[in-house]
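Notes for the one structure printed next.
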Amino acid sequence: MLMVRGEATIAAGNLGTGCVTLCEMPSYHPDLQTFLVPLSERELTLREALDKLEAIGNEASEVPFIVQMMENPGFSFPPFSMFKGRVSLFQHDCIHLLLGRGTTLIDEAFTIGFTMGSSNAMSTTASKIFGYVAGHWYPKAYRFPPHANKVYEDAVHLGMVSECVPLELVDYHPYMDWKLGALREELGIEVDLLESYYRVEAARNPDIAASQRLCPQV
């Protein structure tokens, strides 16, 4: 996963054994603050979009243990198995691009929430527990502030009502040379549903650039 936690950009996902302590924050590519392949982009292939993302990405071994427990597929056992939508780094990056989200904290909150919701197996209790942990117990640079937590909650519900396939179950490797627009259609990702929500998100967060850029016409 590639994300910006506050002012620090974090790479997370299919993690190894390494992680940083809460006081050791490595440096990250500044373009992760502004990176975006918008939802309106249909012609880039998944491979081309991933190349753009990977050009500014970081290694995935720099994440605190608590974040790994909550988000990593390697922790898919009780009690952590209640948190659905766990995906590999590769899957997560693909989902970011298909949802038209960047790599900031609020983008990460949406991507995680929508992936969880699309599983159709995330309970309300598990969703609330994850949001509480991400909003209170994650290290400060990773922690969901209230506006990101609200987006996370909305995204879980949006994923549940979407007719898309469970995004955590998709093997994206065969789709590398598919155009983003065609792949969204193949997976049942409703662009109009996302655009409608992104307008709401932008209206609610007039001072957050990451939300404003989702729908330039807002």
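The values are calculated or read from the model by the stated rules, or taken from the named source; none is laboratory data. Computed from a prediction, not measured in an experiment: that's the story for all the values here. Cβ sites come from the backbone with ideal geometry, for glycine too, and all protein chains shown count toward neighbours. Surface accessibility is based on the protein's heavy atoms, side chains included, excluding ligands, DNA and RNA. Shrake-Rupley method; radii C 1.70, N 1.55, O 1.52, S 1.80 Å.
What the table below lists for this structure:
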item	result
Within the stretch 72-95, tally of residues that are open to solvent by 30 Å² or more (accessible area, probe 1.4 Å) and under 20 Å from LYS128 (Cα atoms)	10
Unmet criterion (only one of (1) buried (at least 16 other Cβ atoms within 10 Å of the Cβ); (2) in a helix (DSSP H, G or I)) for MET69	(1)
Test: residue in the stretch 51-62 that is farther than 22 Å from MET160 by Cα and either among the aromatic types (Phe, Trp, Tyr) or touching a residue at least 60 places away in the same chain (Cβ under 8 Å) (or both)	no
Qualifying residue in the stretch 31-41 (condition: among the hydroxyl-bearing types (Ser, Thr, Tyr) and either in contact with a Phe, Trp or Tyr (Cβ under 6 Å, 6 or more places away or on another chain) or surrounded by 16 or more Cβ atoms within 10 Å (Cβ to Cβ) (or both))	no
